[in-house]
Amino acid sequence: MEIIKYTEEWKEKWDEFVLASNNGTMFHLQKFFDYHTPGKFHFDHLIFLDEGKIAAVLPGAIRNGVFESPIGASYGSIVTKDVKFAQAMEIVSTLKDYCKQIGLSEIMLTSAPMVYERHQNQNLDFALLWQGFHYSLHYISSAIKLNPYTDILERFAPTTRRNVRKTITDFKLRVEINDRYDEFYPILIENKSRHNVKPTHSLEDLMKLKELLPDNLKLFMVYLEDKPIGGSLMFVANKTVAVCFYNMLYYDYEKYKPIQRVMYEVVKHYTEAGFEYVDIGVSQDTKAENPMTPSMSLIDFKEKFDAKTIMRNTLHIKL
């Protein structure tokens, strides 16, 4: 097995491999990285070849002697098929040898949580740990396991259940799946400004992503009559998981419970579409000194939709 640096001529084969893989997501696609403004990142993506065929791919970049994955994405680390243990061991040893040979001092890998895998398989995780990697960081995330055989509302907490029903019978909120990013983005800006932060994506970024990956972005907008009051922008990570990347509302309309209604519509939509999970994202206290500090109120809110904890883990090694 050998490692080569990614070049444009591998783009189609890289994306084909990710789409057919066991643990790849939209965040591993070269088409996804194309949304970044040229020059914003210098990437050093790696391809693992076994007898000339792709055995694994690893998006990322070298910064200050450290290979980091992901860079410019939510999830990274090594993408494989439903890998056997012996091959997982070879992939890890090949990566370590390659990084040592080019003079790197560390490797940091943050993969998608295990629920993103088509077939949950921890061969790669064990191979990394056995060969000297250690966990350096954990983020708490929340995901709803979808089940077409259970009533969605009955899984929600009683108050949440009543609120959703009220939005249908009393407030008559409506939820549309559309491309009105011009209506959604001002809501996103206002929400983020309340916490003195800016969105990860500019409006231009979102429009570029929608252009590059039209089937991977889905916008659920909430209207009170004709007034847009909230919405959820979903990223379809792969055939298993859809991610609530942005859940936003105008707080002046909070009493109408637009987020509770849109969460119901999101869960309903992806259950009917045959997905296995809706990931509602990480729940960290961003103002705390320790980045792992959990946001208790946010976790409690997500649990009202029957969400369970999944962890986003970072593995690290000093070579």
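A few remarks follow.
- Just one of (1) out of contact with any Cys (no Cβ under 7 Å at 6 or more places or on another chain); (2) part of a strand (DSSP E or B); (3) of a type outside the set (D, E, K, R); (4) under 22 Å from Lys318 (Cα atoms) fails for Phe43. It is (2).
- Residues being in contact (Cβ under 8 Å) with a residue 12 or more places away in the chain, among the aliphatic types (A, V, I, L, M), in the same structural domain as Pro158 (by TED's automatic domain parsing) and assigned to a loop (DSSP other than H, G, I, E, B) are represented in segment 289-296 by at least one member.
- For segment 238-273, a tally of residues being farther than 22 Å from Glu303 by Cβ and among the β-branched types (Val, Ile, Thr) returns 0.
- Residue ID - nearest to Phe67 (Cα to Cα), chosen from residues in segment 1-53 that are in contact (Cβ under 8 Å) with a residue 12 or more places away in the chain and small (Gly, Ala, Ser): Gly24
- Comparison of Leu209, Leu124, Leu129, Leu137 shows that the only residue that is assigned to a helix (DSSP H, G or I), hydrophobic (A, V, I, L, M, F, W, C) and surrounded by fewer than 17 Cβ atoms within 10 Å (Cβ to Cβ) is Leu129.
- Residues of segment 30-77 satisfying the condition of being out of contact with any Phe, Trp or Tyr (no Cβ under 8 Å at 6 or more places or on another chain), surrounded by 21 or more Cβ atoms within 10 Å (Cβ to Cβ) and of a type in the set (A, V, I, L, M, F, W, C): Phe32, Phe48, Phe67
- Contact map, segment 86-107: residues that are among the aromatic types (Phe, Trp, Tyr) paired with residues that are modelled with pLDDT under 95, Cβ distance under 6 Å, separation 6+ or inter-chain. No pairs are found.
The values are calculated or read from the model by the stated rules, or taken from the named source; none is laboratory data. Bear in mind the structure is a predicted one, so any value in this text is a computation, not a measurement. Note that each Cβ is placed from the backbone with ideal geometry, even for glycine, and that neighbours are counted across all protein chains shown.
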